[in-house]
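Notes for the one structure printed next.
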Amino acid sequence: MEKKNIDWASLGFGYVQTDYRYVSNYKDGAWDEGALITDANVVLNECAGVFQYAQTCFEGLKAYTTEDGHIVCFRPDLNASRMADSARRLEMPVFPEDRFVDAVVRTVRANAAYVPPYGSGATLYIRPYMMGTNPVIGVKPADEYQFRIFCTPVGPYFKGGAKPIVIKVSDFDRAAPQGTGHIKAGLNYAMSLHAIVTAHEEGFAENMYLDPRTRTRVEETGGANFIFITKDGKLVTPKSDSILPSITRRSLMVVAEKYLGMTVEHREVFFDELDSFAECGLCGTAAVISPVGKINDHGREIAFPSGMEEMGPVTKKLYDTLTGIQMGRLEAPEGWIVKID
């Protein structure tokens with residue numbers, strides 16, 4: 001299979017239209033059989049539920065070319081499960097989890113010419129999403145839905161390596177108590193846009209959101225979970241009912257314990273204990289881990305001992321091990337890698 005004539009090294013993290021996308025429609029209480037199509041446009045009624053009441057959820061995952069030349073996908077079953085949880089919370093029909101994984105495989109295989117080669121630093125980003133499609137004017141769930149998957153080749157999130165970033169403590173709340181913070185609803189990200197634009201205008205890379213009820217506990221950023229490394233080498237990840245269960249974070253916890261022999265704590269993390277950590281990072285599909293050098297709390301700086309020059313040593317081991325698994329350089333736990341081609 002001949003690859004597309006793309007300058008893989010110059011790709012940014014943006015949208016490049018590929019040849020095929022997967023579409024399945026829900027009507028009269030059932031999903032149709034679904035199909036791969038070539039039309040990248042979505043045509044909906046002006047009163048579609050997604051436009052009126054933001055009834056939509058999405059996922060994000062990647063396909064990689066491994067060291068031995070295979071195209072693989074990383075833990076798509078967890079994306080399927082998380083989208084099912086999102087759908088239930090938003091009163092949307094669940095797209096069957098086995099069909100979700102099959103649709104991912106079919107979409108990637110159909111666009112194999114766009115999967116960047118091993119060693120390029122680029123990957124194929126996959127975006128499954130679902131939306132209410134029939135006209136809805138009263139406040140209620142839609143009756144008809146569309147599930148779609150498109151993919152796009154993307155460059156490395158950090159060109160030239162991951163340099164530690166400076167983030168700020170946000171005055172905004174990312175999620176409401178008993179709200180939708182634990183699911184991947186589009187509305188969560190719309191709510192975070194003003195906060196992230198404000199942070200960027202103030203010279204910060206991201207926001208740290210605290211728990212919405214007491215504002216004493218660390219939650220997450222607008223699009224990533226936190227990880228912390230203690231001075232004695234433990235991995236600590238914040239626990240909360242309003243944090244999105246990051247697949248990258250859950251995978252890093254396994255990597256830390258099973259591959260690196262670290263102690264792992266998944267618990268409430270209080271803001272006033274941040275000074276005691278040696279390293280900090282943000283973890284998610286796009287960047288895997290973004291190192292954090294400083295947190296600005298309304299002018300007071302919390303500086304981590306790992307510094308502002310490079311990723312902390314323990315965080316680097318976690319990053320190298322997880323990406324080694326994804327790229328086929330290290331043996332993966334059973335079920336983590338789905339071979340596509």
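The values are calculated or read from the model by the stated rules, or taken from the named source; none is laboratory data. This one's a predicted model, so the numbers in the text were calculated from it and none came from an experiment. Note that each Cβ is placed from the backbone with ideal geometry, even for glycine, and that neighbours are counted across all protein chains shown. These area figures cover heavy atoms from the full protein model, side chains too; ligands, DNA and RNA do not enter into them. Shrake-Rupley method; radii C 1.70, N 1.55, O 1.52, S 1.80 Å.
Summary of computed values
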item	result
For region 205-341, diffusion coefficient by Stokes-Einstein and Kirkwood Rh (Cα), 37 °C, 0.692 mPa s, µm²/s	213
Cα gyration tensor, region 63-111 - rounded (a/c under 1.5), prolate or oblate	prolate
Kirkwood Rh in Å, taken over region 2-55 so that all alpha-carbon pairs contribute	14.7
For MET208, distant residues with modelled amide H under 5 Å away	LYS168, VAL169, SER170
Label-to-label distance, nm, for residues given as LEU44 and ASP28 (7 Å Cα→Cβ offset)	2.3
Calculated FRET value between ASP171 and GLU265, using beta carbons and R₀ = 30 Å, to 0.05	0.60
Length-normalised contact order for the chain - Cα pairs under 8 Å, 6+ apart - percent	19
Shape call, region 118-232: gyration tensor on alpha carbons, a/c limit 1.5	oblate
Residue-normalised accessible area of the chain, expressed per residue, 1.4 Å probe, Å²	45
Integer Hz, Karplus 6.51/-1.76/1.60 couplings in order for region 119-130, x for Gly and Pro	x, 7, x, 9, 9, 9, 7, 10, 10, x, 7, 9
FRET efficiency for ALA9 and LEU193, using Cβ-Cβ distance with R0 set to 25 Å, rounded to 0.05	0.25
Nonlocal amide H pairs with GLY34, under 5 Å, H built at 1.01 Å	ASN25
Percent carbon-and-sulfur accessible area, region 3-92, ignoring ligands, DNA and RNA, probe 1.4 Å	45
With every protein chain in place, region 176-299: carbon and sulfur % of accessible area (1.4 Å)	52
Set of lysines near LYS234 by C-alpha distance (under 25 Å), chain-local residues within fewer than 8 positions excluded	LYS163, LYS168, LYS258, LYS294, LYS316, LYS317
Residues whose placed amide H lies under 5 Å from that of ARG217, excluding near-sequence neighbours	ASP211, PHE271
Global geometry of region 15-174, whether rounded, prolate or oblate, following the gyration tensor of its Cα atoms and the 1.5 cut on a/c	oblate
Centroid-to-centroid separation of region 175-198 and region 40-87 [C-alpha atoms, Å]	18
